[in-house]
1. Among the residues of the range B:51-67, is there at least one that is over 30 Å from A:Ile84 (Cα atoms) and in contact with a Ser or Thr (Cβ under 9 Å, 6 or more places away or on another chain)?
2. Identify the single condition in (1) free of Cβ contacts under 8 Å to residues at least 60 places away in the same chain; (2) among the acidic types (Asp, Glu); (3) over 17 Å from B:Ala82 (Cβ atoms) that B:Glu28 does not satisfy, given that it satisfies every other one.
3. Which ones in the range A:46-62 are away from every other protein chain (no Cβ under 14 Å) and not aromatic (Phe, Trp, Tyr)?
4. Based on this model, can you work out whether B:His75 counts as touching a strand residue (DSSP E or B) at 6+ places or on another chain (Cβ under 6 Å), at pLDDT 95 or above and farther than 16 Å from A:Ser22 by Cβ?
5. Residues in the range A:63-93 that are away from chain B (no Cβ under 13 Å), crowded, with 19+ Cβ neighbours inside 10 Å and among the charged types (D, E, K, R): how many?
6. Could you check the range B:78-89 and list, in sequence order, the residues that are closer than 15 Å to B:Tyr4 by Cα and either out of contact with any strand residue (DSSP E or B) (no Cβ under 6 Å at 6 or more places or on another chain) or hydroxyl-bearing (Ser, Thr, Tyr) (or both)?
7. Is at least one residue of the range B:77-90 in contact (Cβ under 8 Å) with a residue 60 or more places away in the chain, in contact with a Lys or Arg (Cβ under 7 Å, 6 or more places away or on another chain) and on the phi < 0 side of the Ramachandran plot?
8. I want to confirm something. Restricting to the range B:6-37 and keeping residues that are away from chain A (no Cβ under 13 Å) and surrounded by fewer than 15 Cβ atoms within 10 Å (Cβ to Cβ), which single residue is modelled with the lowest pLDDT?
2 protein chains.
Amino acid sequence: MRPYKHPTPDEFVLERVLYALSDSIRLEIVRHLAQVDGATCGELDGGRPKSTVSHHFKVLRDAGLVHTETAGTAHMNTLRRADIDGRFPGLLAVVLAQPPLN
Amino acid sequence: MRPYKHPTPDEFVLERVLYALSDSIRLEIVRHLAQVDGATCGELDGGRPKSTVSHHFKVLRDAGLVHTETAGTAHMNTLRRADIDGRFPGLLAVVLAQPPLN
């Protein structure tokens, strides 16, 4: 299986991070990952179809928010908190501090 | 001319605000408006076609970020800073504090 591609912090783009965070499902995944060391896609998909969730994980990876590693047949996801905080100080904290629902 | 519609702060949605900020042109408009009392669409369009810019202003209005008022033949835009800050504390400040370009 091919390893997933992840941008380096100097390749992060503010607009891409904001876009990745602008969807309820992706925001929920990020909120979840902020509270754990790591989680598999299965633990994060909320019972949604794999194709839908795969797309969301790709958007999160491409923005630099999430790191995915293949561990056997599972995919382990972690939040790239230090990388994002280093590049966009305060951004993730402020987004995560907002109440989850309107 | 019909007055523009603007959501009330309790209608603001975090994801919608993040989406509105996730585009370079819209982010540029917000950055500009953060530094002035108000600006016409013409002052903010950067020479782009009216149809393109109109869409971006609508996204910004629908998110609650921008207020547009018709003043004669001009449209005067202001940033709804107090409304956004009241609803999503710290969010706009942290986004505006990030360097504009990658």
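The values are calculated or read from the model by the stated rules, or taken from the named source; none is laboratory data. Bear in mind the structure is a predicted one, so any value in this text is a computation, not a measurement. Please note: Cβ atoms are built from the backbone with ideal geometry, for glycine as well, and neighbour counts cover all protein chains shown.
1. yes
2. (1)
3. Looking only at the range A:46-62, we keep the residues that are away from every other protein chain (no Cβ under 14 Å), and these are A:46-55, A:57-58, A:61.
A:Gly46, A:Gly47, A:Arg48, A:Pro49, A:Lys50, A:Ser51, A:Thr52, A:Val53, A:Ser54, A:His55, A:Lys58, A:Arg61, listed by residue number.
4. On the way: touching a strand residue (DSSP E or B) at 6+ places or on another chain (Cβ under 6 Å): yes; at pLDDT 95 or above: no; farther than 16 Å from A:Ser22 by Cβ: yes.
No.
5. Adding up the residues that qualify gives 1.
6. Initially, the range B:78-89 is screened for residues closer than 15 Å to B:Tyr4 by Cα, giving B:78-80.
Across the range B:78-89, the qualifying residues are B:Thr78, B:Leu79.
7. No: zero hits.
8. Checked the range B:6-37; the qualifying residue modelled with the lowest pLDDT is B:Asp37.
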